[in-house]
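Accompanying notes for the structure given below.
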Amino acid sequence: MAIKRSMAAEHSRMLSQKTFIGQARLIRLGFRQGGKPGLGLRRQLVDQSGRPKFILCPHEQKSLHTDRMILVPGPPEEIATVRWIFGQFVKTHKTELEIARLLNERGVVTDLGRPWKRETVRGVLTNEKYIGNNVWNRRSRKLKAKATNNPPEHWARADGAFEPIIDRRLFERAQLIHQTLYSRIRLSNEEILLALKKVLARRGYLSASIIDDAPDCPAASLYFHRFGSLLKTYELIGYRSPRQFIASKRRLATVRIQAIEGLLGAIGSAGGQAAYDKENEILRINDEFTVAIEVLHCTASDYGYPFWSLKTRRQSVADIFILVRMRPGDLVIRDYLIAPMSKIVGKSELRANNGAQLDTYLFPTLTPITRLAARASVETIL
């Protein structure tokens, strides 16, 4: 069975390699391999001899295996829009964001019928198909892995495969300007997070559209690619959107209730007595000592290190303080800090490592409290 699986895997690998080689060959011959044609361009069907047949409509596919597709200039108004974008960028020195705003003000939509964004303008300005080049395999994805950018030597290309709608010198000037302007985007994580903090301080809240509209901040897509999502990016600067904050607060409240109920049950099973004082929000155990429980949201510093902020009124009314530290995302409990109140008072936050004097009070469960509250019968002692 193992041999058959190995043979099947090798067959699949070879088939994939042959398919890739065949697709790359067609690209180098100047044929289009799927995908949207883009603003100002259309897909034209040609037969096996290269003779033009007809223009394909959106979502329309070829019916004969021997037919191929090439790109040809589209409607004049779309070509005029593409040329206007290049002209505004190169000749009047407008930014991608300014161009997107002007297009939206004029009521011009993208080839997909959507409003313009900074990224869609950039997609026009940097795509070689507008000077007639056929480029393929700039990005690839294997199985369920994330798509990755391939180095230029792995691209399949054919220069001058289509009729250009943008002058090559104008296009090259646009690339030079783009590289000069957006070399600043290749900043460190700390620098782009600092730019985002400035936008937050100025606006008071964040969203993808606010980030894209900020001229002194990289596009939202950059944060997505750097950190995985905008929510993870928000966590790195200590910001939570209203919806995210409410959901997180509810989760933490649920975790706290579950911890209290679980501790009450465990102490009762161990022979101890425990009651929850709702007014002071503490547990009274065996009429001997009190315990306060707090659940802490996990935040990441600018350098990605986790910390837990201590802002609670329960610290001052209990003998023992239990801090339930959550992992990033507030879905999983990391550990429990079970310490005398004297060790906690005055601290504003906890780090992953707080020194031996405090970290000795870290436990994976609440068992230390259960053992402390346990009672043994006289007969057992005798």
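The values are calculated or read from the model by the stated rules, or taken from the named source; none is laboratory data. Just so it is clear, the structure is predicted and the values come from calculations on it, not from any experiment. In this analysis, Cβ positions are derived from the backbone assuming ideal geometry, glycine residues included, and neighbour counts consider all displayed protein chains. To get the accessible areas, we keep the full protein, side chains included, count just its heavy atoms, and leave off ligands, DNA and RNA. Shrake-Rupley method; radii C 1.70, N 1.55, O 1.52, S 1.80 Å.
Numbers at a glance
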{"quantity": "The stretch 1-151, Rg to Rh (Cα coordinates; Rh as Kirkwood inverse mean 1/r)", "calculated": "1.07"}
{"quantity": "Angle between the chain longest axis and helix 96-105 axis [Cα atoms, degrees, rounded to 10]", "calculated": "80 degrees"}
{"quantity": "Cβ crowding within 10 Å averaged over residues, with 127-137, 106-116, 64-74 ranked highest first", "calculated": "127-137, 64-74, 106-116"}
{"quantity": "With 20 Å bins from 0: P(r) over the chain, alpha-carbon pairs, percent", "calculated": "20, 35, 26, 16, 2, 0"}
{"quantity": "Selected from E294, E279, E163 as most flexible by GNM, with the chain as the system and alpha-carbon contacts under 10 Å", "calculated": "E279"}
{"quantity": "Cα lying deepest toward the dipole's positive end in the stretch 248-362, options Y336, F307, A266, charges on Cβ", "calculated": "F307"}
{"quantity": "Relative contact order [Cα under 8 Å, 6+ residues apart], the stretch 198-288, whole percent", "calculated": "12 percent"}
{"quantity": "Ordering of 261-271, 354-364 by burial proxy (mean other Cβ atoms within 10 Å per residue, highest first)", "calculated": "261-271, 354-364"}
{"quantity": "Choice from S12, S248, S188 with maximal GNM fluctuation in the chain (Cα, 10 Å cutoff)", "calculated": "S12"}
{"quantity": "Protection proxy ranking, peptides 218-227, 149-158, average beta carbon neighbours within 10 Å, highest first", "calculated": "218-227, 149-158"}
{"quantity": "Mean accessible surface per residue for the stretch 20-100, computed with a 1.4 Å probe while every protein chain stays in place, in Å²", "calculated": "55 Å²"}
{"quantity": "Calculated FRET efficiency for the pair A247/E288, C-beta based, R₀ 45 Å, to 0.05", "calculated": "0.75"}
{"quantity": "Rounded to whole Å, sorted largest first: equivalent-ellipsoid semi-axes of the stretch 153-283, Cα gyration tensor", "calculated": "54, 18, 12"}
{"quantity": "Solvent-accessible area, 1.4 Å probe, carbon plus sulfur percent, for the chain", "calculated": "55 percent"}
{"quantity": "Whole-number percent relative contact order across the chain, with pairs defined as alpha carbons under 8 Å at least 6 apart", "calculated": "9 percent"}
